[in-house]
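For reference, the structure is listed below as C-alpha coordinates.
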Amino acid sequence: MPELPEVQTIRNQLRSYLPLTIERIKRSPELKQNILHTKIPKNIVGATLKRIKSHGKLMIFDLGDLYLLSHLGMSGSWIISKEKLKDKHLHLQLDCGKYFLSYVDPRRFGHMYFVDKKGKDEYLKRLGVDISSEAFTDDYVWECLQKGANREIKPFLLDQKYFAGSGNYIANEVCIRAGLIPDRICKTLKIEDAKKIKQAFHSVLEGSLKNNGVTFSGGYRDAFGEAGKGVQNLVVFHQENCGLCGTKVRKVMLKGRGTFYCPLCQS
Ligand SMILES: [Zn+2]
(Lines give C-alpha, C1' and ligand atoms only; values in the text may rest on other atoms or scores of the structure.)
Protein backbone atom coordinates (compact mmCIF):
# COMPACT_ATOMS: atom_id res chain seq x y z
CA MET A 1 0.00 0.00 0.00
CA PRO A 2 -0.42 2.45 -1.74
CA GLU A 3 -0.68 0.62 -5.08
CA LEU A 4 -1.25 2.00 -8.58
CA PRO A 5 -4.83 3.30 -8.11
CA GLU A 6 -3.83 5.22 -4.99
CA VAL A 7 -0.76 6.70 -6.70
CA GLN A 8 -2.80 7.75 -9.74
CA THR A 9 -5.50 9.28 -7.53
CA ILE A 10 -2.91 11.51 -5.84
CA ARG A 11 -1.26 12.29 -9.19
CA ASN A 12 -4.57 13.26 -10.80
CA GLN A 13 -5.63 15.42 -7.86
CA LEU A 14 -2.31 17.32 -7.85
CA ARG A 15 -2.32 17.91 -11.60
CA SER A 16 -5.05 20.53 -11.42
CA TYR A 17 -2.75 22.73 -9.25
CA LEU A 18 0.09 22.82 -11.80
CA PRO A 19 2.29 24.64 -12.58
CA LEU A 20 3.72 25.34 -9.13
CA THR A 21 6.96 27.25 -8.55
CA ILE A 22 8.92 26.26 -5.46
CA GLU A 23 9.79 29.28 -3.31
CA ARG A 24 11.08 27.57 -0.18
CA ILE A 25 11.57 24.04 1.10
CA LYS A 26 11.46 22.52 4.55
CA ARG A 27 12.54 19.02 5.45
CA SER A 28 12.58 16.74 8.48
CA PRO A 29 15.83 15.20 9.84
CA GLU A 30 14.43 11.75 8.94
CA LEU A 31 14.07 12.67 5.26
CA LYS A 32 17.81 12.26 4.67
CA GLN A 33 18.16 9.24 6.96
CA ASN A 34 15.31 7.13 5.66
CA ILE A 35 13.61 8.46 2.57
CA LEU A 36 15.72 10.67 0.32
CA HIS A 37 18.65 8.83 -1.30
CA THR A 38 20.17 11.78 -3.16
CA LYS A 39 21.16 15.33 -2.27
CA ILE A 40 18.61 18.09 -2.55
CA PRO A 41 19.73 20.05 -5.63
CA LYS A 42 20.65 23.70 -5.07
CA ASN A 43 18.41 24.86 -7.94
CA ILE A 44 15.30 23.34 -6.36
CA VAL A 45 14.25 26.77 -5.09
CA GLY A 46 12.96 28.63 -8.12
CA ALA A 47 12.23 25.44 -10.06
CA THR A 48 8.75 25.00 -11.52
CA LEU A 49 6.82 21.77 -11.21
CA LYS A 50 5.30 21.47 -14.66
CA ARG A 51 3.98 17.95 -14.90
CA ILE A 52 3.36 14.94 -12.70
CA LYS A 53 3.49 11.55 -14.33
CA SER A 54 3.58 8.06 -12.92
CA HIS A 55 4.79 4.63 -13.90
CA GLY A 56 3.41 1.82 -11.81
CA LYS A 57 3.75 2.95 -8.20
CA LEU A 58 6.42 5.56 -8.98
CA MET A 59 5.46 9.24 -9.09
CA ILE A 60 7.56 11.38 -11.43
CA PHE A 61 7.62 15.11 -10.70
CA ASP A 62 8.92 17.00 -13.73
CA LEU A 63 10.85 20.11 -12.62
CA GLY A 64 12.33 21.02 -16.00
CA ASP A 65 15.90 19.65 -16.14
CA LEU A 66 15.31 17.94 -12.87
CA TYR A 67 13.00 15.13 -11.77
CA LEU A 68 11.84 14.03 -8.37
CA LEU A 69 11.05 10.32 -8.27
CA SER A 70 8.82 9.40 -5.36
CA HIS A 71 7.82 5.93 -4.24
CA LEU A 72 5.24 6.14 -1.47
CA GLY A 73 6.26 2.93 0.32
CA MET A 74 3.75 1.71 2.92
CA SER A 75 2.17 4.94 4.05
CA GLY A 76 3.45 7.92 2.04
CA SER A 77 1.28 10.61 0.50
CA TRP A 78 1.61 14.03 -1.14
CA ILE A 79 -0.85 16.50 0.32
CA ILE A 80 -1.80 19.81 -1.28
CA SER A 81 -3.00 22.58 1.01
CA LYS A 82 -3.47 26.34 1.15
CA GLU A 83 -2.15 26.54 4.69
CA LYS A 84 1.12 25.10 5.98
CA LEU A 85 0.42 21.50 6.88
CA LYS A 86 0.89 20.63 10.53
CA ASP A 87 1.61 16.92 10.73
CA LYS A 88 4.22 15.16 12.88
CA HIS A 89 4.97 12.83 9.97
CA LEU A 90 5.73 15.64 7.54
CA HIS A 91 9.11 15.01 5.86
CA LEU A 92 9.29 17.41 2.93
CA GLN A 93 7.32 20.58 2.33
CA LEU A 94 7.49 22.52 -0.91
CA ASP A 95 6.26 26.06 -0.32
CA CYS A 96 4.85 27.16 -3.67
CA GLY A 97 3.36 30.51 -2.67
CA LYS A 98 -0.37 29.97 -2.91
CA TYR A 99 -0.09 26.29 -2.06
CA PHE A 100 2.02 23.94 0.00
CA LEU A 101 2.88 20.52 -1.38
CA SER A 102 3.80 18.21 1.50
CA TYR A 103 5.16 14.69 1.69
CA VAL A 104 3.79 12.88 4.74
CA ASP A 105 4.90 9.35 5.64
CA PRO A 106 4.20 7.92 9.12
CA ARG A 107 6.11 4.67 8.59
CA ARG A 108 8.95 6.23 6.54
CA PHE A 109 9.23 3.34 4.07
CA GLY A 110 8.91 5.70 1.10
CA HIS A 111 11.83 6.46 -1.22
CA MET A 112 12.76 9.65 -3.05
CA TYR A 113 15.42 10.55 -5.59
CA PHE A 114 16.30 13.81 -7.31
CA VAL A 115 17.67 12.81 -10.72
CA ASP A 116 18.36 14.17 -14.19
CA LYS A 117 16.71 12.73 -17.31
CA LYS A 118 19.31 9.95 -17.60
CA GLY A 119 18.77 8.97 -13.98
CA LYS A 120 15.01 8.88 -14.49
CA ASP A 121 15.29 6.74 -17.64
CA GLU A 122 17.63 4.30 -15.88
CA TYR A 123 15.25 3.95 -12.95
CA LEU A 124 12.30 3.29 -15.28
CA LYS A 125 14.23 0.57 -17.11
CA ARG A 126 14.04 -1.55 -13.95
CA LEU A 127 10.25 -1.57 -14.06
CA GLY A 128 7.93 -3.66 -16.19
CA VAL A 129 4.98 -2.34 -18.17
CA ASP A 130 2.56 -0.16 -16.17
CA ILE A 131 -0.52 -2.32 -15.47
CA SER A 132 -2.87 0.54 -16.41
CA SER A 133 -1.19 1.36 -19.74
CA GLU A 134 -2.14 0.38 -23.27
CA ALA A 135 1.06 -1.66 -23.50
CA PHE A 136 -0.35 -3.99 -20.84
CA THR A 137 -1.96 -6.45 -23.24
CA ASP A 138 -2.99 -10.13 -23.25
CA ASP A 139 0.20 -10.91 -25.18
CA TYR A 140 2.37 -9.07 -22.67
CA VAL A 141 0.82 -11.00 -19.76
CA TRP A 142 1.31 -14.26 -21.66
CA GLU A 143 5.01 -13.44 -22.25
CA CYS A 144 5.44 -12.65 -18.54
CA LEU A 145 3.83 -15.94 -17.51
CA GLN A 146 6.35 -17.80 -19.63
CA LYS A 147 9.26 -15.88 -18.08
CA GLY A 148 7.93 -16.71 -14.61
CA ALA A 149 7.24 -20.35 -15.58
CA ASN A 150 8.16 -21.95 -12.26
CA ARG A 151 6.79 -19.28 -9.98
CA GLU A 152 3.51 -19.24 -8.08
CA ILE A 153 1.05 -16.88 -9.73
CA LYS A 154 0.13 -14.60 -6.84
CA PRO A 155 3.66 -13.77 -5.65
CA PHE A 156 4.64 -13.42 -9.31
CA LEU A 157 1.92 -10.82 -9.85
CA LEU A 158 3.67 -8.66 -7.20
CA ASP A 159 6.92 -8.50 -9.18
CA GLN A 160 7.45 -4.91 -10.36
CA LYS A 161 9.82 -6.10 -13.12
CA TYR A 162 6.74 -7.50 -14.84
CA PHE A 163 3.65 -5.88 -13.29
CA ALA A 164 4.55 -2.28 -12.45
CA GLY A 165 1.93 -0.85 -10.11
CA SER A 166 0.63 -4.11 -8.73
CA GLY A 167 0.61 -4.72 -4.98
CA ASN A 168 -0.82 -7.11 -2.43
CA TYR A 169 -4.49 -6.21 -2.62
CA ILE A 170 -4.41 -6.02 -6.42
CA ALA A 171 -2.68 -9.42 -6.78
CA ASN A 172 -5.19 -11.08 -4.42
CA GLU A 173 -8.11 -9.55 -6.29
CA VAL A 174 -6.72 -10.44 -9.72
CA CYS A 175 -6.41 -14.12 -8.71
CA ILE A 176 -10.05 -14.41 -7.57
CA ARG A 177 -11.36 -12.58 -10.64
CA ALA A 178 -9.29 -14.81 -12.95
CA GLY A 179 -10.39 -17.94 -11.00
CA LEU A 180 -6.80 -18.88 -10.13
CA ILE A 181 -5.70 -20.35 -6.82
CA PRO A 182 -2.80 -18.16 -5.56
CA ASP A 183 -0.17 -20.93 -5.59
CA ARG A 184 -0.87 -22.10 -9.16
CA ILE A 185 2.43 -22.48 -11.01
CA CYS A 186 2.67 -20.12 -13.99
CA LYS A 187 3.65 -22.80 -16.50
CA THR A 188 0.34 -24.65 -15.89
CA LEU A 189 -1.57 -21.60 -17.18
CA LYS A 190 -2.97 -21.29 -20.69
CA ILE A 191 -3.33 -18.29 -22.99
CA GLU A 192 -7.00 -17.99 -21.91
CA ASP A 193 -5.73 -17.49 -18.35
CA ALA A 194 -3.46 -14.65 -19.54
CA LYS A 195 -6.55 -12.98 -21.02
CA LYS A 196 -8.47 -13.47 -17.79
CA ILE A 197 -5.56 -12.01 -15.77
CA LYS A 198 -5.39 -8.95 -18.03
CA GLN A 199 -9.15 -8.45 -17.74
CA ALA A 200 -8.99 -8.97 -13.96
CA PHE A 201 -6.34 -6.23 -13.61
CA HIS A 202 -8.57 -3.92 -15.61
CA SER A 203 -11.57 -4.63 -13.39
CA VAL A 204 -9.66 -4.19 -10.11
CA LEU A 205 -8.04 -0.92 -11.23
CA GLU A 206 -11.29 0.51 -12.51
CA GLY A 207 -13.12 -0.24 -9.25
CA SER A 208 -10.36 1.35 -7.15
CA LEU A 209 -9.79 4.40 -9.33
CA LYS A 210 -13.41 5.48 -9.40
CA ASN A 211 -13.42 5.37 -5.58
CA ASN A 212 -10.18 7.38 -5.15
CA GLY A 213 -8.24 4.30 -4.05
CA VAL A 214 -8.54 1.78 -1.24
CA THR A 215 -7.90 2.71 2.40
CA PHE A 216 -7.56 0.09 5.14
CA SER A 217 -7.43 1.04 8.82
CA GLY A 218 -4.99 3.89 9.35
CA GLY A 219 -3.67 3.64 5.82
CA TYR A 220 -3.54 5.62 2.62
CA ARG A 221 -4.77 9.22 2.26
CA ASP A 222 -5.25 11.08 -1.00
CA ALA A 223 -3.87 14.55 -1.89
CA PHE A 224 -6.59 16.20 0.19
CA GLY A 225 -5.95 13.95 3.20
CA GLU A 226 -9.10 11.90 2.58
CA ALA A 227 -9.49 8.11 2.67
CA GLY A 228 -10.35 6.17 -0.52
CA LYS A 229 -13.62 4.24 -0.68
CA GLY A 230 -12.50 1.33 -2.87
CA VAL A 231 -12.84 -1.28 -0.09
CA GLN A 232 -16.41 -1.87 -1.30
CA ASN A 233 -15.07 -3.42 -4.54
CA LEU A 234 -12.93 -6.07 -2.88
CA VAL A 235 -14.00 -9.69 -3.40
CA VAL A 236 -11.59 -11.62 -1.13
CA PHE A 237 -8.86 -9.33 0.24
CA HIS A 238 -9.52 -9.01 4.01
CA GLN A 239 -13.08 -10.23 3.40
CA GLU A 240 -15.03 -12.69 5.54
CA ASN A 241 -16.94 -14.28 2.65
CA CYS A 242 -16.24 -14.49 -1.09
CA GLY A 243 -17.95 -11.61 -2.93
CA LEU A 244 -18.74 -13.93 -5.85
CA CYS A 245 -20.24 -17.01 -4.15
CA GLY A 246 -20.48 -16.34 -0.39
CA THR A 247 -18.10 -19.14 0.65
CA LYS A 248 -15.89 -18.42 3.67
CA VAL A 249 -12.62 -16.86 2.50
CA ARG A 250 -9.39 -18.63 3.52
CA LYS A 251 -6.20 -16.82 4.51
CA VAL A 252 -2.67 -18.20 4.15
CA MET A 253 0.80 -16.67 4.05
CA LEU A 254 2.45 -17.03 0.65
CA LYS A 255 6.04 -15.81 0.29
CA GLY A 256 5.51 -13.80 3.46
CA ARG A 257 2.43 -11.90 2.28
CA GLY A 258 -1.18 -12.24 3.48
CA THR A 259 -3.04 -14.16 0.79
CA PHE A 260 -6.82 -14.53 0.63
CA TYR A 261 -8.73 -16.92 -1.61
CA CYS A 262 -12.05 -18.67 -2.16
CA PRO A 263 -11.72 -22.48 -2.19
CA LEU A 264 -14.76 -22.74 -4.48
CA CYS A 265 -14.06 -20.05 -7.10
CA GLN A 266 -10.31 -20.54 -7.47
CA SER A 267 -8.38 -23.59 -8.73
ZN1 LIG B 1 -16.17 -17.84 -4.23
Which cysteines in the chain lack any other cysteine whose Cβ sits under 4.7 Å from their own Cβ? C96, C144, C175, C186, C245
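Leaving out ligands and nucleic acids, and using a 1.4 Å probe, what accessible area per residue does the chain come to in Å²? Write down the numbers at each step before the final one.
On the way: 12920 Å² over 267 residues.
Accessible surface, normalised per residue, equals 48 Å².
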Take the alpha carbon gyration tensor of the stretch 52-114, find the square roots of its eigenvalues, order them as a ≥ b ≥ c, and report rounded if a/c is under 1.5; if not, report prolate when a/b exceeds b/c, else oblate. oblate
Distant-in-sequence amide H partners of V129 (H built 1.01 Å from N, under 5 Å): A164
Ranked by GNM mean-square fluctuation in the chain (Cα springs under 10 Å), the top entry among M253, M112, M74 is M253
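How high is the relative contact order of the stretch 4-125, given as a whole-number percent (alpha carbon pairs under 8 Å, six or more residues apart)? Let's see the in-between values first.
On the way: 243 pairs, mean separation 36.7, N = 122.
It comes to 30 percent, rounded to a whole number.
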Give me the net charge of N212's neighbourhood, meaning all other residues with Cβ under 11 Å from the Cβ of N212; Lys, Arg count +1, Asp, Glu -1. 0
Whole-Hz ³J(HN,Hα) from phi, Karplus 6.51 cos²θ - 1.76 cosθ + 1.60, for the stretch 27-38, glycine and proline x: 9, 8, x, 6, 4, 5, 5, 10, 10, 8, 9, 9
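Using 0.36 nm per residue of separation minus the Cα-Cα distance, give me the extension gain between H202 and N241 in nm, one decimal.
Contour length minus Cα-Cα distance gives 11.8 nm.
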Could you go through the stretch 16-23 in sequence order and give the Karplus-derived ³J(HN,Hα) for each residue, using 6.51 cos²θ - 1.76 cosθ + 1.60 with θ = phi - 60°, rounded to whole Hz, and x for Gly and Pro? 6, 9, 7, x, 10, 9, 7, 9
Placed amide H near A47: partners under 5 Å, 5+ positions off or other chain: I22
Under a 5 Å amide H to amide H cut-off, with H placed in plane at 1.01 Å, what residues pair with R184 once short-range neighbours are removed? I153, K154
Picking from S203, S77, S166, which is most flexible by a Gaussian network model of the chain using Cα springs under 10 Å? S203
Counting only DSSP loop positions in the stretch 183-267, the trypsin sites (Lys or Arg not before Pro) whose Cβ has at most 14 other Cβ atoms within 10 Å are K190, K210, K255
Would you mind telling me the share, in percent, of accessible area of the stretch 129-261 contributed by carbon and sulfur at probe 1.4 angstrom? 49
Using the alpha carbons of the chain, what is the convex hull volume per residue in cubic angstrom, as a whole number? 123
In a Gaussian network model of the chain with springs linking alpha carbons closer than 10 Å, the residue among I60, I40, I52 that fluctuates most is I40
Once label points are set 7 Å from the Cα along Cα→Cβ at both E192 and K86, what is their separation, rounded to one decimal in nm? 6.1
Here the FRET efficiency for E134 versus I185, based on Cβ atoms and R0 = 25 Å and rounded to 0.05, is 0.30
When we measure straight from the Cα of K32, which lysines land under 17 angstrom away, once same-chain ones fewer than 8 places off are left out? K42, K88
Go through the stretch 252-267 residue by residue and turn each phi into a ³J(HN,Hα) via Karplus (6.51, -1.76, 1.60, θ = phi - 60°); whole Hz please, and just put x for glycine and proline. 9, 9, 10, 6, x, 10, x, 10, 10, 8, 9, x, 8, 7, 10, 8
How would you classify the stretch 4-125 from its alpha-carbon gyration tensor, with a ≥ b ≥ c the square roots of the eigenvalues: rounded for a/c under 1.5, else prolate if a/b is greater than b/c, otherwise oblate? rounded
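Compute the FRET efficiency between R24 and D116 as 1/(1 + (r/R0)^6), taking r as their Cβ-Cβ distance and R0 = 22 Å, and round to the nearest 0.05. Provide the component values of the computation, followed by the final result.
On the way: r = 23 Å, r/R0 = 1.04.
Working from the Cβ atoms, E equals 0.45.
The values are calculated or read from the model by the stated rules, or taken from the named source; none is laboratory data. All figures in this text were calculated on a predicted structure; none of them were measured in a lab. So basically every Cβ, Gly included, is an ideal-geometry build from the backbone, and we count neighbours across all protein chains shown. To get the accessible areas, we keep the full protein, side chains included, count just its heavy atoms, and leave off ligands, DNA and RNA. Shrake-Rupley method; radii C 1.70, N 1.55, O 1.52, S 1.80 Å.
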